[in-house]
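**Student:** Questions regarding the structure given below will be posed in turn.
The values are calculated or read from the model by the stated rules, or taken from the named source; none is laboratory data. In this text, all values refer to a predicted model and were calculated from it rather than measured experimentally. All Cβ positions, even for glycine, are placed from backbone atoms using ideal geometry, and neighbour counts span all protein chains on display. Accessible surface areas use protein heavy atoms only, side chains included; no ligands, DNA or RNA. Shrake-Rupley method; radii C 1.70, N 1.55, O 1.52, S 1.80 Å.
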Amino acid sequence: MKFAYDQDVEAFRAEVKTFIKENLPPEEERAKRGYEDGFKTLQDEYDYTMGFQKKLSERDWLAMAWPKEYGGGGASHMRQLVYNEEMAYNAAPSGNMGIAWVGPSLMLYGTEDQKQKFIPRITGADDWWCTLYSEPGAGSDLAALQTRAVRDGDDYVLNGQKIWTSGGHLADWGWLAARTDPDAPKHKGITMFMVDMKSPGVTVRPLINIAGRHGFNEVFFEDVRVPATQVVGEVNRGWYHMAVALDFERSGIQSYAGGRRTVERLVQIARENPDLVKQRKTIRHELADRTIEVVTGTSLAYRVATMQAKGMVPNYEASTSKLFGSELGQRIALTGMHLLGTTGQLRNGSKHEIWDQASSYLQAVSGTVAAGTSEIQRGIIATRGLGLPRG
Ligand SMILES: Cc1cc2nc3c(=O)[nH]c(=O)nc-3n(C[C@H](O)[C@H](O)[C@H](O)COP(=O)(O)OP(=O)(O)OC[C@H]3O[C@@H](n4cnc5c(N)ncnc54)[C@H](O)[C@@H]3O)c2cc1C
């Protein structure tokens with residue numbers, strides 16, 4: 001059987017590749033400027049990420065999956081797939097959660113005023129959005145969240161703490177779930193809010209991860225006033241509003257495309273440094289295994305995208321792709337460490353540095369936690385995929 005895309009999808013892939021080449025600094029230059037190893041200042045990171053998103057926006061590519069009437073690309077699932085694949089392969093800056101769920105929620109549940117005020121700023125890359133769901137006592141069991149929002153005149157008053165907020169330190173706006181009815185069953189008393197991250201009473205504290213990088217934060221809310229006009233959807237129905245981005249391409253192709261790029265680079269390093277290969281005889285087999293796994297995983301991602309293209313809603317299939325992709329990311333990073341050995345710990349332009357693998361290895365740890373842990377994915381595969389009884 002020959003796997004192939006339609007010609008128009010391949011033509012689109014070529015267009016995306018050209019765009020990336022023309023608009024993203026080359027890999028070596030990015031590495032030199034420190035983009036692979038954390039930014040020198042927050043402003044640098046904001047400007048680099050939003051600058052690239054502005055360029056996508058000018059082409060109507062930023063919100064690739066959105067309907068055209070809202071400034072989106074109106075792309076089919078297959079176009080979204082190759083777009084996401086090329087962006088991830090080339091490590092293009094991403095992570096604007098306004099595109100992922102704020103805009104889609106507004107399209108479905110927002111008032112006319114909310115749509116007019118927020119949607120053009122999201123598609124125009126004018127605002128960086130973060131997601132404020134997780135709390136110290138609510139992660140996998142998100143409905144256990146305790147941040148309270150109490151109505152007071154024209155406002156709601158927020159009190160509570162969020163955690164693991166990616167990009168919270170850079171965000172202009174936050175997409176927040178809070179409890180508005182503490183007496184209702186836990187899924188039924190939650191409401192969605194749009195919060196100006198510069199509001200008085202919002203404190204963002206950095207959490208430095210094990211690789212020494214600042215990606216996520218703790219966010220504290222002390223008597224933060226949020227106008228009631230910034231409630232999205234029905235009060236107390238927030239739980240049901242949270243899942244709206246599910247119709248977008250969610251194959252997990254990004255982890256396989258990024259993984260493929262890393263394995264290719266490791267193979268290149270192995271070719272150029274025969275001494276490294278001599279030090280660890282099994283590395284050839286390891287690299288071959290990772291290459292095969294990337295291809296296998298890519299097929300899992302294509303399966304999800306194909307289902308979506310046919311109008312089906314993937315369920316345990318998306319969990320399978322997420323699970324395999326995040327665990328593969330950890331195996332690839334380990335293979336990188338095995339190949340590079342002690343030199344893999346050097347960074348910041350040390351003269352013996354070849355490629356900093358220690359940071360990637362440490363960063364990969366979080367892949368099996370973020371966006372739903374491996375145990376949660378296995379639970380979904382077991383119950384919905386294999387039909388096993390709940391434990
Ligand atoms: C890099 C990164 C970025 C993140 N960004 C954001 C963000 O921007 N915004 C946001 O709101 N959150 C974010 N998160 C939080 C993320 O969604 C949670 O970490 C995740 O949902 C797990 O929740 P938890 O950390 O509370 O762990 P817990 O849910 O407390 O899990 C602890 C352990 O128990 C296991 N476990 C829990 N429940 C079950 C179960 N039912 N069956 C079997 N095992 C179970 C888990 O698998 C895990 O091993 C981010 C996390 C990471 C790592």
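**Student:** Looking at this structure, is VAL295 in the same structural domain as ALA257 (by TED's automatic domain parsing) and under 30 Å from ARG79 (Cβ atoms)?
**Tutor:** Yes: the conditions hold for VAL295.
**Student:** Need pairs with beta-carbon distance below 9 Å; first residue assigned to a loop (DSSP other than H, G, I, E, B) and open to solvent by 20 Å² or more (accessible area, probe 1.4 Å) and within the stretch 91-102, second at pLDDT 90 or above and among the charged types (D, E, K, R); sequence gap 6+ or separate chains.
**Tutor:** Final answer for the pair search is ALA91/ARG261.
**Student:** Given the criterion over 29 Å from GLU317 (Cβ atoms) and under 21 Å from the mean Cα position of the chain (by Cα), identify the matching residue among ARG303, ARG213.
**Tutor:** Details: ARG303 fails: over 29 Å from GLU317 (Cβ atoms).
Criteria check complete, one pass: ARG213.
**Student:** What number of residues within the stretch 268-281 satisfy the criterion of being open to solvent by 40 Å² or more (accessible area, probe 1.4 Å) and touching a residue at least 24 places away in the same chain (Cβ under 8 Å)?
**Tutor:** Number satisfying all stated conditions: 3.
**Student:** Taking the condition under 28 Å from TYR302 (Cβ atoms) and outside any helix (DSSP H, G or I), does ALA11 pass?
**Tutor:** Spelling it out, it is not the case that ALA11 is under 28 Å from TYR302 (Cβ atoms) and outside any helix (DSSP H, G or I).
**Student:** Using the structure shown, decide if ALA243 is outside the structural domain of GLN363 (by TED's automatic domain parsing) and either modelled with pLDDT under 95 or of a type outside the set (S, T, N, Q) (or both).
**Tutor:** On the way: outside the structural domain of GLN363 (by TED's automatic domain parsing): yes; either modelled with pLDDT under 95 or of a type outside the set (S, T, N, Q) (or both): yes.
When the stated conditions are applied, ALA243 passes them.
**Student:** Still on this structure, I have one more. Go through the stretch 107-138 residue by residue and tally those that are open to solvent by 20 Å² or more (accessible area, probe 1.4 Å), without any contact (Cβ under 8 Å) to a residue 40 or more places away in the chain and within 16 Å of the ligand (Cβ to nearest atom).
**Tutor:** The qualifying residues number 3.
**Student:** Condition first: at pLDDT below 95 and either at positive phi or within 16 Å of the ligand (Cβ to nearest atom) (or both). Now tell me which residues in the stretch 325-360 satisfy that.
**Tutor:** GLY341, ASN348, GLY349, SER359, SER360, listed by residue number.
**Student:** Another question, if that's okay. Return the pairs, sorted by first residue and then second, in which the second residue is modelled with pLDDT under 95, the first residue lies in the stretch 357-381 and is open to solvent by 70 Å² or more (accessible area, probe 1.4 Å), the beta carbons are less than 7 Å apart, and the residues are 6+ apart or on different chains.
**Tutor:** VAL365/ILE210
**Student:** While we're on this one: Among the residues of the stretch 166-182, is any in a loop (DSSP other than H, G, I, E, B), more than 10 Å from the ligand (Cβ to nearest atom), exposed (fewer than 15 other Cβ atoms within 10 Å of the Cβ) and not charged (D, E, K, R)?
**Tutor:** Checking the stretch 166-182: at least one residue is in a loop (DSSP other than H, G, I, E, B), more than 10 Å from the ligand (Cβ to nearest atom), exposed (fewer than 15 other Cβ atoms within 10 Å of the Cβ) and not charged (D, E, K, R).
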